[in-house]
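Structure first, commentary second.
The values are calculated or read from the model by the stated rules, or taken from the named source; none is laboratory data. Remember, predicted model here, so these are calculated numbers, not experimental data. Every residue, glycine among them, receives a Cβ derived from its backbone with ideal geometry; neighbour counts consider all protein chains shown. The area values use the complete protein model at the heavy-atom level, side chains included, leaving out ligands, DNA and RNA. Shrake-Rupley method; radii C 1.70, N 1.55, O 1.52, S 1.80 Å.
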Amino acid sequence: MVTATVEDDAVAQRECLKNVFSMEGGQGEASYMNNSQVQSQILQIVIYVLKETLDTIRHPPRPEKLLTAADLGCSCGQNTLVVAGAIVQHMTDMYGSRGHDPPEFCIYFSDLPSNDFNTLFRLLPDYSAAAGNRRFFGAGVPGSFYDRRSPECFVDVFTSTFSLHWLSQVPIEAVDRGSLAYNRGKVFVHGASEATGAAYRRRFRSDLARFLRFRAVELKPGGAMFLVCLGRPSSTAPTDQGSLGLLLGDLFQSSWDDLVRAVSRH
Ligand SMILES: C[S@@+](CC[C@H](N)C(=O)[O-])C[C@H]1O[C@@H](n2cnc3c(N)ncnc32)[C@H](O)[C@@H]1O
């Protein structure tokens, strides 16, 4: 007889989440593309940090002919193109200021397999030196950024914006009825017990360490990484998500509860 343990469930859950999680695709009213203005505004504010990060790339004595970048958790909206465009523009200017021709650019767009890559690809303008608007080759790379995503020493610049707060899975203790950290069916950490908060913190630390370990293998020596993620003051516990808690903790939770009730009635 085979008995599924809580750990088996957790592995199954992680594998399942990888395949079903995604932002709303397409270009409709409810799509991520039409509902990511806040992220877009923040990106405009912090884009100078991306440029400063690119300035730290250590170049070999002869300039590289090809520059590779990878956007992890790219989703399918305009923000992805803003980041890609800023990399191309800034590196082209930098090469020009040193009297070199710009390199060719290859940009890998990576997200979970359920992401709407087709919408993203349709947004990419044709590669056309004459039009001068798209000066990079693009490719989609489906899969989790908590796994290896590219060959060793392959990528000059990693970017990831508004994605790293997605955990690889719900902490197993939070769904284990026998655990002190059991979150009583809730889907978010805001307002939960201290033990649940600690379980979420452990999950985040271990996910982030895994993310960084793989990027360390994949990044070329002298390469750079630009990460933008949601945060909160370190003085507060994960169980206090501030105003975000109102949205994710209360509104989403009660919508989710309504949905589950409606489904279980049928
Ligand atoms: C809020 S969107 C951010 C999209 C875009 N980077 C931006 O700045 O607007 C978060 C994206 O992260 C992706 N994501 C979440 N967990 C991921 C994982 N483990 N591996 C790869 N992508 C992931 C989601 O599918 C989603 O498309």
Area of E24 that stays accessible when all protein chains are in place (1.4 Å probe, Å², to 10): 110 Å²
Selected from S234, S168, S110 as most flexible by GNM, with the chain as the system and alpha-carbon contacts under 10 Å: S234
Segment 15-92: relative contact order in percent, alpha carbon pairs under 8 Å with at least 6 residues between: 34 percent
Gained length - D258 relative to Q44, 0.36 nm times residue gap less alpha-carbon distance: 73.4 nm
More than 19 angstrom apart: percent of Cα pairs within segment 153-235: 48 percent
Equivalent-ellipsoid semi-axes of the chain, from the Cα gyration tensor, Å, largest first: 37, 20, 18
CD proxy at 222 nm, helix term only [per DSSP H run n ≥ 4: -39500 (n - 2.57); per residue of the chain; nearest 500]: -12500 deg cm²/dmol
Two-site label geometry, C153 and L123: point separation in nm, points 7 Å out along Cα→Cβ: 3.4 nm
Of the trypsin sites (Lys or Arg not before Pro) in segment 172-254, those whose Cβ has at most 13 other Cβ within 10 Å and which sit in DSSP loop: R177, R184
Most to least accessible of S255, S36 (protein chains only, probe 1.4 Å): S255, S36
Rough spin-label spacing in nm, given labels placed 7 Å along Cα→Cβ, for V141 and V217: 1.3 nm
Cross-link reach list, lysines versus K18, counting only Cα pairs under 21 Å and skipping chain neighbours closer than eight places: K186
All aspartates and glutamates inside 17 Å of K51 as judged from Cα atoms, apart from same-chain residues fewer than 8 positions distant: D71, D93, D156
Accessible carbon and sulfur surface of the chain relative to its total accessible area, %, 1.4 Å: 57 percent
Gaussian network model of the chain, Cα within-10 Å springs - most flexible of D71, D93, D111: D93
Accessible area (Å², per residue) of segment 6-265, counting only protein heavy atoms and a probe of 1.4 Å: 55 Å²
By accessible area with a 1.4 Å probe, ligands and nucleic acids excluded, highest first: order of E52, E29: E29, E52
Computed over segment 214-266, Cα set: Rg, Dmax in Å: 19.1, 57
Using a Förster distance of 30 Å, the FRET efficiency for E194-A30 (Cβ separation, nearest 0.05): 0.25
Loop sites in segment 76-171: trypsin sites (Lys or Arg not before Pro), DSSP, at most 16 other Cβ within 10 Å: R98, R148
Net charge of neighbours whose Cβ lies under 15 Å from the Cβ of G191, counting Lys and Arg as +1 and Asp and Glu as -1: -1
